[in-house]
Structures are given as C-alpha cells and as structure tokens.
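Taken together, the values in this text are just the output of simple stated rules run on the coordinates, not laboratory data. A quick note: this is a predicted structure, and the numbers were derived from the prediction, not measured. Reconstructed Cβ throughout: ideal geometry from the backbone, glycine too, with neighbour counts over all protein chains shown.
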Amino acid sequence: MSHHNIYLMVNGKRYSLEVESDRSLLDVVREDLNLTGIKKGCDKGDCGACTVLLNGKPVNSCMVLAVQADGKEITTIEGVARDGKLDPIQVAFIKHGAVQCGFCTPGMILTAWALLRENREPMREEIQKAISGNLCRCTGYVQIIDAIQSAARVSRVNNE
Amino acid sequence: MAAFDYVKPPSLESLINDYAQAKSEGAILAGGTDLLVKIRSGLVSRRVLFDINDLHEMKGISDEGDSLRIGAATRICDVADSNVVQSTVPFLSLAASQLGSPQIRNRATVGGNIVSASPAADTVLPLIAMGARLRFGSQGGNREVSIEKFMEGPGQTDIREDEVLIGVVVPKLSNGCKSHFIKVGRRKAVAISVVNIAGWIKTDRTGVIEDVRLVLGAVAPTAIRAGETETFLRGKRPNEVVLKEAARITAGQSSPISDIRGTQKGRRLLVEAWTFRLLQILMTQNEAN
Ligand SMILES: Cc1cc2nc3c(=O)[nH]c(=O)nc-3n(C[C@H](O)[C@H](O)[C@H](O)COP(=O)(O)OP(=O)(O)OC[C@H]3O[C@@H](n4cnc5c(N)ncnc54)[C@H](O)[C@@H]3O)c2cc1C
Ligand code: FES
Ligand code: FES
C-alpha cells in the first residue's frame, strides 16, 4: 500500500490524515500540519534540527516515516509553552543568549526538556552527552549548556 | 508516486511469508537510521518496506541462564540501559551507549546495526568478542550462524534473500572476566568511529592471563579479532612491557584504509595507543566491571 490513513496526537491534539508511505514525519508535520517549528537541516540524522518527542523520547523526525507514527504521541516545540507561558527552558535560553540564528533551538529545547524530565539535576557532561545529537553552528554550546543548567535549577525551585 | 510501499506485518510468520514473496524488491525496516538514509540518497531502492518495529517476537532482552537473547528489533537505547546487559555483558551496554546520538539510539536497533555490516558498527565488536550467534528465520526454517562468520565485508554479509534476523544469542561473561569498549571518534557524537576496540580478559588467581579477546573495528573490511595478540597474551603475566608489546602486535594486524575519517598511518598509531589503554583499563578494573 502506498497510501495510509493515520492519526497523530500532536501536542495533545488529534489529527487524522492520509499520507504516502515514503513521507517523513518531518515533512508531514511541517507541510500538512503547518507546524514549522521543527527544521529540516540535513534530512539524514546528523543535525537534530528536526527533533520531536515520539512517545516522550527525542527522535529525528526526518528518519521516521509518518506512517510509522500512526497512533503515537508527538510533541513539537509548539507544544512546550503552556497556557501562553514559556517553559523555564525557553526562558533560560533567552536569558543566557543561547539563541542566535535559532535554527537549532527548537530541537535543542525538546532534547533538553526530555533530559530534565529524567534527570532534574544534570551535570555539565550529562547535558553535553544529551545534546550531542543537536548541532549548533552559532553558539559554541556554552550558553546552551548554561541555559539548561539554569532551567534545571529554576524548575527544582518551582517544584519545591 | 511514493518511492516505496509500506507494510506492517501483524506477526513474524506473516513477515517471513510476505518478505519471501517480495524477493529482492523487499527490505526490512527496523529503526530506519541506515536504510532510510540510503534510500533517500539513491544508494538503495526497494518496492516495499516491511516494518518490524512492533513485532513483539523480535523485541526485548531475555535472560536464558548462561546467555542473553536479544531480539533483533530491540532498540540500542534499551540495550544501553538494560540492567541485565550491564551486569552480564557490560561492554555491550557501553558500546550501545556510545552509538550515534540519543536521537539515533532511540530508533536504531541491534539487528539493523548487525545487518548493515559497517566495519565500524559499535555493538558488533562486543558481540564478536562474546562469540554471539545470530538466529535467522525464513520459510525454509531457522538457521543459526556465528556473528564472526556472518560478516563478510563492508555492507556484505552471509544473509540470504528471504531471511530475517530474529535475534542474537549472547553468552554472558563468566565470573572474574573484565570487559571494556573504547571508541575514538572524530567528533563527540554522531560520528562513525575512526577506531573502536572491545575486549575482555580473564586472569587466574596468580595474575596470569587465562584467556582474552580483542576485537578491532573500522580498521579492516569487517570488525576483526586480533588473534595474534590473544595468543601472545595467553599465559603471560601482564606488566607494562607485555601490554606495550601486545599493543604493537595489534596495530600490525589492522589493515586500515585512508578515508575522510583518518589516514592509514594515523589509524595504526591510534590502534596501538588505544589498545594499550584498553588493556591497561582491563588490568586495573575492579571485577565485574
Ligand atoms: C547520524 C547517524 C549516526 C550514526 N552513528 C553510528 C555509530 O556511532 N555507530 C554505529 O555503529 N552506527 C551508527 N549509525 C548507523 C546506524 O544508525 C546503526 O547501524 C543502526 O544500528 C542501524 O539500525 P536500524 O534499526 O536503524 O537499521 P535499519 O536502517 O532499519 O536497517 C539497516 C539494514 O539492515 C536491514 N535489517 C534491519 N533489521 C533487520 C532484520 N531483523 N532482519 C534482516 N534485515 C534487517 C535493513 O533492511 C537494512 O538493510 C549512525 C547513523 C546515523 C544516521
Ligand atoms: S534534519 Fe533530521 S537530523 Fe538533520
Ligand atoms: S543558534 Fe544558530 S545553529 Fe544554533
């Protein structure tokens, strides 16, 4: 079969669509759902600009077929802010100058989000390892790692 | 028109039947981190992909006493995080935890790592060092083959057109063995290794080496066992001189090519330096590490 009726739960909202078998989740989310936060950098797994959370785990959406995501939960950068309020990670990225051209930022923030959910107090090396699949050509990573550490601190304080 | 059709067989049996029928026009889709890249770049073209991601017969890690059974569709992240792998074949978990990036590990599978047969494939090294056996299924029945025999060259294996890799049987390290894995990459992540090395060692009560395995990746058409080094080390009492000599012998067994990831001479030196380091770590490690 080359056409498939699927549904995706994206940022908590249900979408029913018909997709061709060879289309990537990246293309379908950007073109059919018009959620253009995720970016297409390399289209081959190298850069992480297309990162989404698939059932809660960061994956490169360029390497998942849309039809493979049928029935699954997807979080994109558009689903990170809650009730019009930025997530602490987003706030920290702005505060620490971790956003320059911004191309890597959506993927970077989702990866950081998944990390902080599992590890509330990550060491710098742990952050470095977690974001090793997200390339940034602008910042040199220091500001990004600072931002993630500070977001972890803020979240810990908020939860206490 | 779509470049390929997509089918998700409901069971292993229907996968085997459908796959056999498709002949060379079909491909197994596991994590897709290798296959989809090759299709998109035009290196591979197939009429239909068979998705094995949700086939429970091919997933998971089970403890079978002296060995572990790892389903082919088990994800690399699950091998890296598995308690039973960490405690019984620690260097396999270590290799899995260094493959690609978190995003890649969350999709890529053990079976895909084996069948794609890159000479640098990270999990293949500890699997060779453990003498792991691969279990294939086809309409003709099941077949088992050692992973070392299976690998024939870069991207080349002994797999038959209608065969599906179902799982891997990995003997556990015996008590008193120590194991380690080292990967030297060009960049921290998302780099196929320049050189990778896996090994285990068993010493007797007096400190003499009883048995040892050493496997090198990315320095020959397939990952290779450093047989001469193993023979040299057996029965010896390790000290700095012995380990240095072992490292030198190891470098002589590699036949690296020069490519975008490193030059030939550079790689030999890397092999020597990192083999020495690996052996040192094995000798100083606490047990069961
Ligand atoms: C950015 C990036 C970084 C990478 N880094 C590394 C790295 O550091 N180390 C490393 O070793 N690899 C690396 N790889 C390569 C690849 O991710 C791994 O080899 C991975 O384990 C492949 O598994 P998969 O499930 O994604 O395979 P797939 O792409 O699904 O399949 C690979 C091949 O095996 C066949 N196949 C898969 N499963 C079966 C089965 N059960 N039976 C029969 N045939 C089967 C497929 O048909 C295909 O030909 C990297 C890839 C990318 C894109
Ligand atoms: S676009 Fe997916 S990893 Fe680069
Ligand atoms: S801010 Fe430009 S790539 Fe990261």
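Observations on the model:
- Alpha-carbon Debye profile of region B:143-189, log10 I(q)/I(0) at 0.17, 0.21, 0.34 Å⁻¹: -0.84, -0.96, -1.30
- Considering only the protein assembly as shown, percent of DSSP beta bridges that pair antiparallel, nearest 5: 85 percent
- Sorted peptide list for B:233-246, A:14-27, criterion being average Cβ within 10 angstrom, highest first: A:14-27, B:233-246
- Taking B:V219, B:V195, B:V48 in turn, the Gaussian network model of chain B (Cα-Cα springs below 10 Å) assigns the largest fluctuation to B:V48.
- Using θ = phi - 60° and Karplus 6.51 cos²θ - 1.76 cosθ + 1.60, couplings along region B:49-54 (whole Hz; Gly, Pro as x): 10, 9, 7, 9, 4, 10
- Other-chain or far-sequence residues with amide H under 5 Å of A:G41's (modelled H): A:A49, A:C50
- Candidates per trypsin sites (Lys or Arg not before Pro) in region A:69-160, loop by DSSP, up to 12 other Cβ within 10 Å: A:R120, A:R137
- For B:D211, the residues whose amide H sits under 5 Å from its own are B:K202, ignoring neighbours fewer than 5 places away on the same chain, with H placed 1.01 Å from N.
- Long-range amide H partners of A:V10 with built H, under 5 Å: A:Y15, A:I74
- Among the listed pairs B:K183/B:K265; B:K8/B:K149; A:K13/A:K39; A:K57/B:K8; A:K39/A:K85; A:K72/B:K59, those beyond 24 Å (Cα-Cα): B:K8/B:K149
- A simple rule links phi to the HN-Hα coupling: the Karplus curve 6.51 cos²θ - 1.76 cosθ + 1.60 with θ = phi - 60°, which for region A:89-104 gives 5, 5, 4, 5, 4, 5, 4, 8, x, 8, 10, 10, 6, x, 5, 8 Hz, with x for Gly and Pro.
- Three-way shape label, the protein assembly as shown, alpha-carbon gyration tensor, a/c 1.5: oblate
- Fully extended contour minus Cα-Cα distance, from A:E125 to A:H3, at 0.36 nm per residue: 39.5 nm
- Karplus 3J(HN,Hα) series, Hz, for region B:174-183 with 6.51 cos²θ - 1.76 cosθ + 1.60 (x for Gly, Pro): 7, 4, x, 7, 10, 9, 7, 9, 10, 10
- When shorter helices are ignored and each DSSP H run of at least 4 residues is given -39500 (n - 2.57), the per-residue value for the protein assembly as shown at 222 nm works out to -9000 deg cm²/dmol.
- Percent RCO, i.e. relative contact order, over chain B, from Cα pairs under 8 Å lying at least 6 residues apart: 15 percent
- Between the Cα long axis of helix A:105-118 and the first principal axis of chain A there is an angle of about 70°, rounded to the nearest 10.
- Solvent-free Debye calculation, one equal scatterer per alpha-carbon of region B:56-171: log10 I(q)/I(0) at 0.13 Å⁻¹ equals -0.43.
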